[in-house]
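Inspection log for the structure reproduced underneath, given as structure tokens.
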Amino acid sequence: MSREHESLECTYVLERVYAFLDHELDEASGDEIRLHLISCEPCLERFDIEQAFKSLVARRCGGDVAPQQLREKIVSRLSQGRPQAQA
């Protein structure tokens, strides 16, 4: 594999790290990223850092719940922005 190709592949993988961590990729894309991480130590190290960061954020901020009044205000605004069905 050439250095240029390796760099492009690394860029592709690192741009999709969070989608991979959030299980938002299809199975084939996830497998492709897993295979790359197995064979590329720099990307695996970066992946480990991103995974640790995501885990830290989830532990520190994951339990916060928005106040009911805020939720109702957001739902109301979203409802106002929807186009009405025409008869």
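The values are calculated or read from the model by the stated rules, or taken from the named source; none is laboratory data. What you are looking at is a predicted structure, and each value in this text was computed from that prediction instead of being measured. Glycine also receives a Cβ, built like all others from the backbone with ideal geometry; neighbour counts cover every protein chain displayed.
When the residues of segment 55-87 are filtered to those that are within 16 Å of the chain's Cα centre (by Cα) and modelled with pLDDT of 90 or more, which remaining residue is surrounded by the most Cβ atoms within 10 Å (Cβ to Cβ)? I'd like the intermediate steps shown before the answer.
Going residue by residue through segment 55-87, those that are within 16 Å of the chain's Cα centre (by Cα) are 55-58, 62.
Among the residues that remain, those that are also modelled with pLDDT of 90 or more are: 55-56.
Values: 55: 12, 56: 10.
If we take residues in segment 55-87 being within 16 Å of the chain's Cα centre (by Cα) and modelled with pLDDT of 90 or more, then 55 is surrounded by the most Cβ atoms within 10 Å (Cβ to Cβ).
Any residue at all in segment 51-73 that is touching a residue at least 12 places away in the same chain (Cβ under 8 Å), not aliphatic (A, V, I, L, M) and not in a loop (DSSP other than H, G, I, E, B)? Show your work before the answer.
Our first condition is that a residue be touching a residue at least 12 places away in the same chain (Cβ under 8 Å); within segment 51-73, this holds for 51, 54.
From the residues that got through so far, the ones that are not aliphatic (A, V, I, L, M) too are 51, 54.
Next, from what is left, pick out any that are not in a loop (DSSP other than H, G, I, E, B): 51, 54.
Yes, there is a match, as at least one residue in segment 51-73 is touching a residue at least 12 places away in the same chain (Cβ under 8 Å), not aliphatic (A, V, I, L, M) and not in a loop (DSSP other than H, G, I, E, B).
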> For residue 51, are the conditions met, namely being modelled with pLDDT of 90 or more and surrounded by 10 or more Cβ atoms within 10 Å (Cβ to Cβ)?
Replying inline: yes
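Does residue 36 satisfy being assigned to a loop (DSSP other than H, G, I, E, B) and at pLDDT 85 or above?
Numbers: assigned to a loop (DSSP other than H, G, I, E, B): no; at pLDDT 85 or above: yes.
So residue 36 fails the test.
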